[in-house]
1. From the set of residues in segment 179-219 that are assigned to a helix (DSSP H, G or I), free of Cβ contacts under 8 Å to residues at least 12 places away in the same chain and among the polar types (S, T, N, Q), which is surrounded by the fewest Cβ atoms within 10 Å (Cβ to Cβ)?
2. Give the residue, chosen from 125, 149, that is buried (at least 21 other Cβ atoms within 10 Å of the Cβ) and among the acidic types (Asp, Glu).
3. Can you tell which of 135, 168, 131 is in contact with a His (Cβ under 7 Å, 6 or more places away or on another chain), farther than 22 Å from residue 77 by Cβ and surrounded by 13 or more Cβ atoms within 10 Å (Cβ to Cβ)?
4. Out of all the residues in segment 165-205, which are in contact with a Ser or Thr (Cβ under 8 Å, 6 or more places away or on another chain) and among the β-branched types (Val, Ile, Thr)?
Amino acid sequence: MWHALRAELSYSLPFILGGLGIAVGVVIIISVVFYVVGADGPPIHTVAGLRGMFLIMAPMIVGFITQTYRSEERRARLLLAGPVTPRHIAGATVILPVILLGIGILAGALMMGAGYLLNGTLKIESLNLIGFVGGQLFTYVQMGILAQEAKAARDQRRHRAAATGWAGFVVAVVLLAVLYLSLAQQTLTWNFVILGHLIAAVMAMVLSVELYSGRTDFTR
């Protein structure tokens, strides 16, 4: 699996660096804008949350980009020519977003730390915003992978696997809808919403690995 994961990371590295570069540029721009606006702008913790949010978003967007081109480039067939099994590729596919999320968290934490050194404040509202956005995008990436595998199973006439995959996708959508509605009505705290994202993401990861391991065609 590590061979496949290393290959995926090598492929994604230019996108990761480019995304972080763009995010840093956006952070600089909004920092200057809010500095000029001064007291008429949003609270300091909101600005800090926005800065961290863009940095955590950048690597996760890379996760969506790599999904888009995975099937067209037939990378799986190249990897299977070496000491790699379908389950290894499946594991690498769902672990890559974990690494991307970790990169985003690290970048966001460094930005938050710099803000704390400059302003002397670090409020929970900023962390809630970053945790929510990071968990949301991570879950969406994993659900995208699951949808790809459910579609592939349907195309390959693995009807039971396809039904399982789409059922898991629907369950994740319903769970997220309940979480967002509860958050809007203030019946759940941010911590429970972030935990719900994690539950939906792990479920999608497990199903994606199982569906990919049963593939009969690696060009779809």
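1. 191
2. Every option except 149 fails the conditions.
3. One residue alone meets the criteria, 135.
4. Result: 193, single match.
Throughout, read-outs are computed from the coordinates displayed, never taken from laboratory work. This is a predicted model, so every value here is computed, not measured. So basically every Cβ, Gly included, is an ideal-geometry build from the backbone, and we count neighbours across all protein chains shown.
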